[in-house]
Amino acid sequence: MNEQGYNYSFNPNACDSCGGNCCTGESGNIFVSLEEIQAISKHLKLSIDEFKKSYLTKVGYKFSLKEKMFEESHDCTFFDRKIQGCGIYLVRPIQCRTFPFWPYFKSHEDELEKECPGIIFNESKEKNV
Ligand code: SF4
Ligand code: SF4
């Protein structure tokens, strides 16, 4: 899988054995839009208020998915360790759908390489760190 303007491609087959590195580990924000809040609430059969209370945290003027601790890992609240995958896969936020093609990683390729075993760097180009 490729995306124009990125120095790497992505092999989604790597997800089968990865164990969800991008949904666990270090603490971070997964921002959700109002449309995504509505879609996930509907999927979970919760009111928007119930959903916000249980699963969202306010970060500045935005909403992010909460985290839950598993040993030393800050798991996304929707990461399911039984299936080693996303518990709301069909309605996961755009931030998750677009990983690993985030503009941030264009200048932090080493960080991405450590996190995601599905990254294949283009041979002809130098890595941007
Ligand atoms: S870190 Fe990469 S390989 Fe692992 S689950 Fe996420 S996208 Fe898949
Ligand atoms: S919503 Fe799903 S894909 Fe996104 S970080 Fe959470 S568990 Fe991972």
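The values are calculated or read from the model by the stated rules, or taken from the named source; none is laboratory data. Model, not experiment: these values are computed from the prediction. Cβ placement follows ideal geometry from the backbone for every residue including glycine, while neighbour counts extend to all protein chains displayed. The accessibility values were calculated without ligands, DNA or RNA, using every heavy atom of the protein model including side chains. Shrake-Rupley method; radii C 1.70, N 1.55, O 1.52, S 1.80 Å.
Quick one: among Lys82, Lys52, Lys106, which has the greatest mean-square fluctuation in a GNM of the chain with alpha-carbon springs under 10 angstrom? In this elastic network of the chain, the residue with the biggest mean-square fluctuation among Lys82, Lys52, Lys106 is Lys82. Note on the chain: Lys pairs 8 or more places apart or on different chains, Cα atoms under 21 Å apart, count 22.
Among residues other than His74 with Cβ under 14 Å from its Cβ, the summed charge is -3 (Lys and Arg +1, Asp and Glu -1).
What you get for segment 1-86, charging only the Cβ of Lys and Arg (+1) and of Asp and Glu (-1), is a dipole of about 380 debye around the Cα centre. Each Lys and Arg contributes +1 and each Asp and Glu -1, all at the Cβ; summed about the Cα centre of segment 24-129, the dipole is approximately 560 debye. What the phi angles of segment 41-48 give under the Karplus curve with 6.51, -1.76 and 1.60, with θ = phi - 60°, is a coupling list of 4, 4, 4, 8, 6, 10, 6, 4 Hz, glycine and proline written as x. Note on surface exposure: Leu46, Leu90, Leu34 rank Leu90, Leu34, Leu46 by accessible area, highest first, 1.4 Å probe. Sorted largest first by accessible area at a 1.4 angstrom probe radius, with every protein chain in place, the residues Asp49, Asp80, Asp75, Asp16 fall in the order Asp16, Asp49, Asp80, Asp75. For the pair segment 50-71 and segment 87-103, the centres of their Cα atoms are 16 angstrom apart.
Placing +1 on the Cβ of every Lys and Arg and -1 on the Cβ of every Asp and Glu, with nothing else charged, gives segment 69-129 a dipole about its Cα centre of roughly 340 debye. In the chain, helices alone account for a calculated mean residue ellipticity at 222 nm of -7000 deg cm²/dmol, with every DSSP H run of four or more residues adding -39,500 (n - 2.57).
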